[in-house]
1. What's the number of the condition residue 199 fails, among (1) part of a loop (DSSP other than H, G, I, E, B); (2) at pLDDT 95 or above; (3) within 26 Å of the chain's Cα centre (by Cα)?
2. Just the residues that are out of contact with any strand residue (DSSP E or B) (no Cβ under 6 Å at 6 or more places or on another chain) and at pLDDT below 95, please, taken from region 174-188.
3. Write out, first by first residue and then by second, each pair whose Cβ atoms fall under 7 Å of each other, whose residues are 6+ apart or on separate chains, and whose first residue, in region 194-212, is free of Cβ contacts under 8 Å to residues at least 12 places away in the same chain and not assigned by TED's automatic domain parsing to the domain that holds residue 119 while the second is in a loop (DSSP other than H, G, I, E, B) and buried (at least 18 other Cβ atoms within 10 Å of the Cβ).
4. Of the residues that make up region 14-31, is at least one modelled with pLDDT of 90 or more, part of a helix (DSSP H, G or I) and surrounded by 10 or more Cβ atoms within 10 Å (Cβ to Cβ)?
5. Among the listed residues 100, 178, identify the single one that is farther than 21 Å from residue 80 by Cα, surrounded by 14 or more Cβ atoms within 10 Å (Cβ to Cβ) and not assigned by TED's automatic domain parsing to the domain that holds residue 48.
6. Of all residues in region 195-214 being over 24 Å from residue 84 (Cα atoms) and in contact with a strand residue (DSSP E or B) (Cβ under 6 Å, 6 or more places away or on another chain), which is surrounded by the fewest Cβ atoms within 10 Å (Cβ to Cβ)?
7. Taking the condition of being touching a strand residue (DSSP E or B) at 6+ places or on another chain (Cβ under 8 Å) and under 27 Å from residue 149 (Cα atoms), how many residues in region 59-85 meet it?
8. Hey, among 63, 71, 87, which residue is touching a residue at least 40 places away in the same chain (Cβ under 8 Å), within 20 Å of the chain's Cα centre (by Cα) and over 16 Å from residue 114 (Cβ atoms)?
């Protein structure tokens with residue numbers, strides 16, 4: 001009887017020890033899972049920071065001379081330089097200088113000299129943004145040059161893509177030409193006008209933001 005009780009006590013001690021070991025291992029395993037999740041999150045954050053830094057470097061390298069003071073006044077950098085407007089991950093310059101304005105090609109050259117291009121419209125939201133930032137000037141025939149021109153009977157953006165939006169005016173207001181204007185004050189989905197490329201107009205430049213939001 002005594003031996004039997006002793007055996008039971010030993011078994012009980014062993015079971016309790018195994019339970020304690022199991023509890024310890026379970027806690028250790030949970031801690032490892034927590035540490036792994038933290039490491040994965042930190043790795044993803046580091047990857048995001050690296051991607052954003054690479055993006056910023058890519059934008060900086062598009063400039064012949066990067067205008068630090070325009071982008072980083074008071075040593076605090078911003079997505080767009082002074083005088084440009086931010087929309088999503090793009091910066092826009094609405095050229096609103098007084099006459100003389102510029103031909104389509106001179107407008108594109110001006111944009112290129114600022115590490116940008118004439119604007120390429122990708123979505124209705126972008127078109128609405130543009131419409132909200134253009135204003136009537138001079139007469140109903142004048143507007144803002146877009147980065148859209150006719151090439152071999154197709155309307156092509158300056159990045160090489162064919163236009164699929166076709167936000168043309170319902171009624172043409174001038175002589176038809178191979179370069180596209182957006183006419184201020186018109187319906188967003190019916191405001192583009194095909195004009196002669198040597199006509200002098202205001203224009204819109206577009207480039208990537210310097211700093212992306214996370």
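1. It is condition (3) that residue 199 fails.
2. Listed by number, the residues that qualify are 175, 185, 186, 187, 188.
3. Sorted first by the residue in region 194-212, then by its partner, the list stays empty.
4. no
5. Result of the check over 100, 178: 178.
6. That would be 197.
7. Result for region 59-85: 6.
8. 87
The values are calculated or read from the model by the stated rules, or taken from the named source; none is laboratory data. As the structure is a computational prediction, the values presented were derived from the model and not from experiment. When we count neighbours, we look across all protein chains shown, and the Cβ atoms used for this are built from the backbone with ideal geometry, even at glycine.
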